[in-house]
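Q: Pasting a structure here, questions to come.
The values are calculated or read from the model by the stated rules, or taken from the named source; none is laboratory data. Computed from a predicted structure; not experimentally measured. Cβ placement follows ideal geometry from the backbone for every residue including glycine, while neighbour counts extend to all protein chains displayed. Ligands, DNA and RNA are stripped out before the accessible areas are found, and what is left, the full protein with its side chains, is counted by its heavy atoms. Shrake-Rupley method; radii C 1.70, N 1.55, O 1.52, S 1.80 Å.
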Amino acid sequence: MEMEMEMEMEMEMEMEESKMTALKNYVFRRGKADLNSNPNDGDENTERGNWNSKTEYLLSMIGFAVGLGNVWRFPYLAYKNGGGAFLIPYVTMLALAGLPLFFLECSLGQFASYGPTGVWRLMPLFKGVGVTMVVLALFCTIYSNCIIAYSLFYLFSSFQNPLPWASCHEWWGADEHCTDDVNLTTAKNTSQTPGLQYWDKYALRRSADINETGEIVWHLALCLLLAWIVVFAALAKGIKSSGKVVYVTATFPYLVLIVLLVRGATLEGAGDGISYYIGSQSNLTKLREAEVWQDATTQIFYSLATAGGGLIALSSYNKFSNNCFLDALIVTITNCATSVFAGFAIFSVIGHLAHVAGTTVPKVAASGFGLAFIAYPRTLTQLPISPFWSILFFLMLFTLGLDSQFTMIETFTTALRDEFPDFFKGQNTLLTLFICILLFLLGLPCTTRAGIYWINLIDYFSLGWGMLLTAALELVGIMWIYGGNRFIQDIEMMLGKKHWAFWVWWRASWFVISPLLILAILLWSLVSFSAPTYGDVQYPQWSVILGWCTVAFALIWIPIMAIVAMYKAHGNILQKFRTACRPDPSWGPYLNKHRTGRYSPHPEEKKENASDQSPLYTLLCL
């Protein structure tokens, strides 16, 4: 018995010596980055680089958070769920789940100066969570750029007068069911608007269902190629080039929304559209429905893009002492305000369409593809100088999509550079070019005649359960194993502020409220699951199984990386598990000058109280 205890003690001592050696080697390598760092002149971190300015960072964050969902999803959800009353669950979920997770990810990336995989040096057992984030970002990138391609196609088509979808034309394939009659009350049930047929028969050349792949639609493939060329040009030099582009791409949508709102407010019927949007036709009783709260929570996660790795990647290029808390407030409030504002711009014009068509707003209101490429373009044909308004609208969709693409590609390249720093050093342009070419080829199936079904399928599965589960594991790993108190001390070290009362709310949110809300929404989504559809088209069983396989492929990296972390550790299986739950020796601030206290390479400077560790962490490491 005594011999076993002695052997275990010797092994523990060897492990500690190994950690100290690894830490000293890490500090030596990072010491080079400190030599040329000057917080008042250029990059603080000369190895990874920093944002050129705080403005570029904020615009990139806003551009990433404010996307197509703010324009084509939120207004319809608000109208459907009680109008103005929907703001109550929306703001509540923002405070309880959205902002806490947003702030946590910004703090995590900035503190360590690593992307979504590198930050899990704080607990190697959960490194698969970061890999899952990257995989989900890749899925999203593939189909998102196809939507940008749609926007480009409609943008080019807008340089015609009259707009091609304003009337039925044989040259784009209109059939006998197409009608130019805008009065929906007199049109036959089998009639279809020119906008609907133009979208299906010409833009998509849509097949009957996902089983009929068909040939590549070459005008969409060429638009997809152009979209990837634009993305590569903006990201060729990483954040140094994308930071310049966002001055245009992040601000232009706001200019267009203002112009559309001013124009829409002067149209007949605009008041009816806005009235439906803010909810004068409904009441607060909608708040009793669980689906309303589910929609609010899902929209918050979808809109803020949490648990996707992008926030961590962008924040990792901040300077160490940047006030990331203020940044989180600015971005989240701007994001929500944009959603509300976009609703007024959209529904004022939708109200005009209902007035001209002699029907009610609910009959013409739509979301997603139906709003962006059918309902709203159809409304624009009723305006004077309709090509001008159409060009503005699709330019807005194009720039909204680009900002998200920039961040998702940057997430992937950041993860690769963090994992293989020596191999990819100085190769950012070639790495970005390779990724853009690869993702373009992977996106080509989405430009076939069945492409819209594939896009809808990937969107339905990849952005739901995968991100919710990843968010829950992220909170559990950091708060309950690494230690919430320890993480808060990391933030205080970074921001230089200590105020116990300030952290009461964040402790409550991170430890209990946010994880429970996320798990509740996840369970509700699983219980209420129904197979995806596209309009009236039902998906076959094999495609639903394939959709679940994409979720499994993203999540499988969590157990795989956990096994890898334990394999690399020393000792028996229990000791391996304990080691994998402990922070790696390299965990902490990236630059040596910021590694103080428990992150200091000098043992006599280390200060860490047992109370700073979570109970679960203490139990695991006994």
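Q: Would you confirm whether or not the stretch 508-530 contains a residue that is modelled with pLDDT under 90, under 20 Å from GLN110 (Cα atoms), touching a Pro at 6+ places or on another chain (Cβ under 7 Å) and not charged (D, E, K, R)?
A: Checked the stretch 508-530: no residue is modelled with pLDDT under 90, under 20 Å from GLN110 (Cα atoms), touching a Pro at 6+ places or on another chain (Cβ under 7 Å) and not charged (D, E, K, R).
Q: Considering each residue of the stretch 55-74, count those that are surrounded by fewer than 24 Cβ atoms within 10 Å (Cβ to Cβ) and either under 11 Å from ASP327 (Cβ atoms) or among the polar types (S, T, N, Q) (or both), and give that number.
A: The qualifying residues number 3.
Q: Moving to a separate point now. Where residues in the stretch 354-369 are part of a loop (DSSP other than H, G, I, E, B) and within 22 Å of ARG206 (Cα to Cα), which of them is most open to solvent (accessible area, probe 1.4 Å)?
A: Residues of the stretch 354-369 part of a loop (DSSP other than H, G, I, E, B): 358-360, 365-368.
If we keep only those that are within 22 Å of ARG206 (Cα to Cα) too, we end up with 366-368.
Details: ALA366: 29, SER367: 49, GLY368: 17 Å².
The selected residue is SER367.
Q: State whether one or more residues within the stretch 365-380 are free of Cβ contacts under 8 Å to residues at least 60 places away in the same chain, over 30 Å from GLY588 (Cβ atoms) and of a type outside the set (Val, Ile, Thr).
A: Checked the stretch 365-380: at least one residue is free of Cβ contacts under 8 Å to residues at least 60 places away in the same chain, over 30 Å from GLY588 (Cβ atoms) and of a type outside the set (Val, Ile, Thr).
Q: Could we say that LYS319 is over 19 Å from TRP72 (Cβ atoms) and in a helix (DSSP H, G or I) here? Outline the logic, then answer.
A: Values: over 19 Å from TRP72 (Cβ atoms): yes; in a helix (DSSP H, G or I): no.
No.
Q: To continue, here is another question. Tell me, yes or no, whether the stretch 273-281 has at least one residue that is closer than 24 Å to PHE434 by Cα, assigned to a helix (DSSP H, G or I) and open to solvent by 50 Å² or more (accessible area, probe 1.4 Å).
A: Among the residues of the stretch 273-281, not one is closer than 24 Å to PHE434 by Cα, assigned to a helix (DSSP H, G or I) and open to solvent by 50 Å² or more (accessible area, probe 1.4 Å), which makes the answer no.
Q: Look at ILE435 and say whether it is without any contact (Cβ under 8 Å) to a residue 60 or more places away in the chain and open to solvent by less than 20 Å² (accessible area, probe 1.4 Å).
A: yes
Q: Now for a different question. Quickly run through the stretch 284-311 and pick out the residues that are hydrophobic (A, V, I, L, M, F, W, C), open to solvent by less than 10 Å² (accessible area, probe 1.4 Å) and in a helix (DSSP H, G or I).
A: Taking the stretch 284-311 first, the residues hydrophobic (A, V, I, L, M, F, W, C) are 284, 287, 290, 292-293, 296, 300-301, 304-305, 307, 311.
Okay, now just the ones that are also open to solvent by less than 10 Å² (accessible area, probe 1.4 Å), so 292, 296, 300, 304, 307, 311.
Of everything in the stretch 284-311, those that are hydrophobic (A, V, I, L, M, F, W, C), open to solvent by less than 10 Å² (accessible area, probe 1.4 Å) and in a helix (DSSP H, G or I) turn out to be VAL292, ALA296, ILE300, LEU304, LEU311.
Q: Continuing with the same structure: Residues in the stretch 227-240: is at least one in a loop (DSSP other than H, G, I, E, B) and in contact with a strand residue (DSSP E or B) (Cβ under 9 Å, 6 or more places away or on another chain)?
A: First pass over the stretch 227-240, keeping only residues in a loop (DSSP other than H, G, I, E, B): 236-238.
Of the ones still in play, those that are also in contact with a strand residue (DSSP E or B) (Cβ under 9 Å, 6 or more places away or on another chain) are none.
No, the conditions are met nowhere in the stretch 227-240.
Q: How about the stretch 575-615: which of its residues are aliphatic (A, V, I, L, M), in a helix (DSSP H, G or I) and at pLDDT 90 or above?
A: So in the stretch 575-615, the residues aliphatic (A, V, I, L, M) come out as 580, 591, 610.
Keeping just the survivors that are in a helix (DSSP H, G or I) gives 580, 610.
Passing the criteria: only ALA580.
Q: Something else now. When you look at VAL259, is it part of a helix (DSSP H, G or I), hydrophobic (A, V, I, L, M, F, W, C) and more than 22 Å from ASN50 (Cα to Cα), yes or no?
A: Values: part of a helix (DSSP H, G or I): yes; hydrophobic (A, V, I, L, M, F, W, C): yes; more than 22 Å from ASN50 (Cα to Cα): yes.
Yes; evaluated as a whole, the condition is true for this residue.
Q: Among the residues of the stretch 199-222, count how many are open to solvent by 10 Å² or more (accessible area, probe 1.4 Å) and not in a loop (DSSP other than H, G, I, E, B).
A: Adding up the residues that qualify gives 7.
Q: Output the number of residues of the stretch 376-424 satisfying the condition of being under 17 Å from LEU257 (Cα atoms), in a helix (DSSP H, G or I), open to solvent by 10 Å² or more (accessible area, probe 1.4 Å) and of a type in the set (A, V, I, L, M).
A: Count: 3.
Q: Keeping to the stretch 522-539, report how many residues are touching a residue at least 24 places away in the same chain (Cβ under 8 Å), within 15 Å of SER462 (Cα to Cα) and not small (Gly, Ala, Ser).
A: Residues that pass the stated criteria total 3.
Q: What residue, among those in the stretch 262-272 that are among the hydrophobic types (A, V, I, L, M, F, W, C) and in a helix (DSSP H, G or I), is least open to solvent (accessible area, probe 1.4 Å)?
A: So in the stretch 262-272, the residues among the hydrophobic types (A, V, I, L, M, F, W, C) come out as 262, 265, 267, 270.
Among the residues that remain, those that are also in a helix (DSSP H, G or I) are: 262, 265, 270.
On the way: VAL262: 93, ALA265: 64, ALA270: 4 Å².
For the stretch 262-272, the residue satisfying everything is ALA270.
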